[in-house]
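Shown next, in structure tokens, is the structure this report addresses.
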Amino acid sequence: MTTTGRLLVSVADGHTADDVARACAAAGLAVEKVLSGIGVVVGTCADPEALRGVTGVAAVEPDREVRLDRDA
């Protein structure tokens, strides 16, 4: 999977979002946000597969837009 779109990197239990963000940055992730409260790092990367092997990464997923129907 090669992409330049935004990615969500889930932090594995026992690891901190800041540590995972630093490790992912070293693996090529351009970190946009670190959401420590929910254990997610947001960024872009040309080679998301490289992030899957980073210690502390539980999952790498493409970011998706979600719209809520305000009339519901």
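Every read-out reported here was derived from the displayed coordinates using simple, explicitly stated rules and does not represent laboratory data. What you are looking at is a predicted structure, and each value in this text was computed from that prediction instead of being measured. Note: ideal-geometry Cβ built from the backbone for every residue, glycine included; neighbour counts use all protein chains shown.
Which value at 222 nm does the chain reach when only helices count, each DSSP H run of 4 or more adding -39,500 (n - 2.57), with the total divided by all residues and rounded to the nearest 500 deg cm²/dmol?
-5500 deg cm²/dmol
Using Cα atoms only, what is the angle between the long axis of helix 17-26 and the major principal axis of the chain, expressed in degrees (0 to 90) to the nearest 10?
70 degrees
What three numbers, in Å, describe the spread of the alpha carbons of the stretch 6-62 along their principal axes, ordered from the longest?
26, 19, 18
Report the extension gain between Thr55 and Ile38 in nm, rounded to one decimal, defined as 0.36 nm multiplied by the number of residues separating them, less their alpha carbon distance. The partial results should precede the final answer.
Values: separation 17, 0.36 × 17 = 6.12 nm, distance 1.78 nm.
Computed gain between Thr55 and Ile38 is 4.3 nm.
If one computes the Cα centroid of the stretch 18-32 and of the stretch 37-72, what distance in Å separates the two points?
If we compute the Cα centre of each part, the gap is 13 Å.
Counting Lys and Arg as +1 and Asp and Glu as -1, each charge on the Cβ, what is the dipole of the stretch 6-62 about the Cα centre in debye, to the nearest 20? Each step should come with its number before you reach the end.
Working: 4 positive and 7 negative charges, 18 e Å.
Here the size comes out at about 80 debye.
Using a cut-off of 13 Å between beta-carbons, work out the net charge of the residues near Gly28 (Lys and Arg +1, Asp and Glu -1, Gly28 not included).
0
Taking the Cβ of Ala58 as the center, what net charge do the other residues with Cβ under 14 Å away carry, scoring Lys and Arg +1 and Asp and Glu -1?
On the way: positive: Arg52; negative: Asp13, Asp19, Glu61.
Net local charge, Ala58 excluded: -2.
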